[in-house]
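Report on the following structure.
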Amino acid sequence: MILYFSATGNTQFLATELAEKLGDDCIDLLSRIKNNDLSEIRSDRPFIILTPVYVCEMPRFLSKYFRKVKLTGDRRVYFIANSAGYGGITGYLAKKLFRRKGMQFMGYSEVVMPRNYFIGHYPPQTRDEIQSRLINACRQTDEIAQTIKSGGKLRARYVFMFEKLITIPFNPVWSKYKMPAKDFFANSKCIGCGKCERLCPLNNISIVGKKPKWGDNCTHCMACIGNCPAEAIEYGNISREKGRYSFQKYKYLLNSGNDGSSAAKTAQRRKNG
Ligand SMILES: Cc1cc2nc3c(=O)[nH]c(=O)nc-3n(C[C@H](O)[C@H](O)[C@H](O)COP(=O)(O)O)c2cc1C
Ligand code: SF4
Ligand code: SF4
């Protein structure tokens, strides 16, 4: 059973790829998280959990959800995070979390995907960078699926002590003070469709008079700004300069010819529906 959360589509892409390659079921956790639905999830196959990396760890609302939810049936859990290049201590913390739940941790893999986060000093990504990350990620899902099929363990790089010493005290402070929603606004292109409200995992958006209004509880996941069908959401001046990211917008880059590669097959399969 594959469980995932995805704000801008990268994790969803990896989860659905793995589901296809393993012939497994897939659950998008968004509605459970939004509704604080902690109902039991049962699986007779290993649990496979996919998440984006937020500030060197799993999103905090997601680790909170996993600490509380009852996962029953098979006790094995595989954990796959995707980041824009540095996954920090995500795997280390996940191992601790799932072991505390009495589960058998079957290892951790990290996949590098296009960066969905543009706030801060990050330069915009080129089209070539995005394309090569998507194609490499697709290949990596083949390897991950093979390992899981064979019952083996996933392996990731060694996490150094200094990474833990920096991240553990720093993250709660960053998450509390560095992710304000006050700079989000919707411009006149907004059609009042409510998608941003539906996609916010923290229910931080309400539609008032056909326009979104942001509250104070934001984790900068980028679901609202990345998925708005009218590209009507801005974050101060930053989004005007750097644009916004969603997997949907760039998935055409997987269609890189008919060379029989994993990515080409994926593109074909997605085209065929
Ligand atoms: C709030 C936030 C924090 C992030 N922190 C990191 C990070 O510490 N390291 C990193 O390499 N990428 C980081 N990223 C990038 C995402 O992990 C990456 O783009 C991921 O593929 C997004 O997945 P999604 O499209 O499923 O939401 C961050 C993204 C967000 C929104
Ligand atoms: S998703 Fe975009 S168009 Fe739809 S309500 Fe939100 S801001 Fe407006
Ligand atoms: S308001 Fe914040 S938490 Fe909600 S979707 Fe937008 S960026 Fe994500």
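The values are calculated or read from the model by the stated rules, or taken from the named source; none is laboratory data. All of these numbers come straight from a predicted model, not from anything done at the bench. All Cβ positions, even for glycine, are placed from backbone atoms using ideal geometry, and neighbour counts span all protein chains on display. Ligands, DNA and RNA are stripped out before the accessible areas are found, and what is left, the full protein with its side chains, is counted by its heavy atoms. Shrake-Rupley method; radii C 1.70, N 1.55, O 1.52, S 1.80 Å.
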Give just the number: which of (1) open to solvent by 30 Å² or more (accessible area, probe 1.4 Å); (2) modelled with pLDDT under 90; (3) in a helix (DSSP H, G or I) does Thr167 not satisfy?
(1)
Those residues of segment 206-258 which are more than 16 Å from ligand 2 (Cβ to nearest atom), within 21 Å of the chain's Cα centre (by Cα) and of a type outside the set (Val, Ile, Thr), in sequence order
Asn217, His220, Lys242, Phe247, Tyr250, Lys251, Tyr252, Leu253, Leu254
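Consider Val111 carefully, then state whether it is within 13 Å of ligand 1 (Cβ to nearest atom) and in contact (Cβ under 8 Å) with a residue 12 or more places away in the chain.
On the way: within 13 Å of ligand 1 (Cβ to nearest atom): yes; in contact (Cβ under 8 Å) with a residue 12 or more places away in the chain: yes.
Against the criterion (within 13 Å of ligand 1 (Cβ to nearest atom) and in contact (Cβ under 8 Å) with a residue 12 or more places away in the chain), Val111 qualifies.
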Of the residues in segment 149-163, how many are open to solvent by less than 40 Å² (accessible area, probe 1.4 Å) and either within 16 Å of ligand 1 (Cβ to nearest atom) or outside the structural domain of Val111 (by TED's automatic domain parsing) (or both)?
2
Select from segment 170-197 the residues that are open to solvent by 80 Å² or more (accessible area, probe 1.4 Å) and closer than 15 Å to Ala232 by Cβ and write down the one among them that is farthest from ligand 2 (Cβ to nearest atom).
Ser188
Any chance you could count how many residues in segment 34-62 are within 19 Å of His220 (Cα to Cα) and either surrounded by 19 or more Cβ atoms within 10 Å (Cβ to Cβ) or under 13 Å from the mean Cα position of the chain (by Cα) (or both)?
13
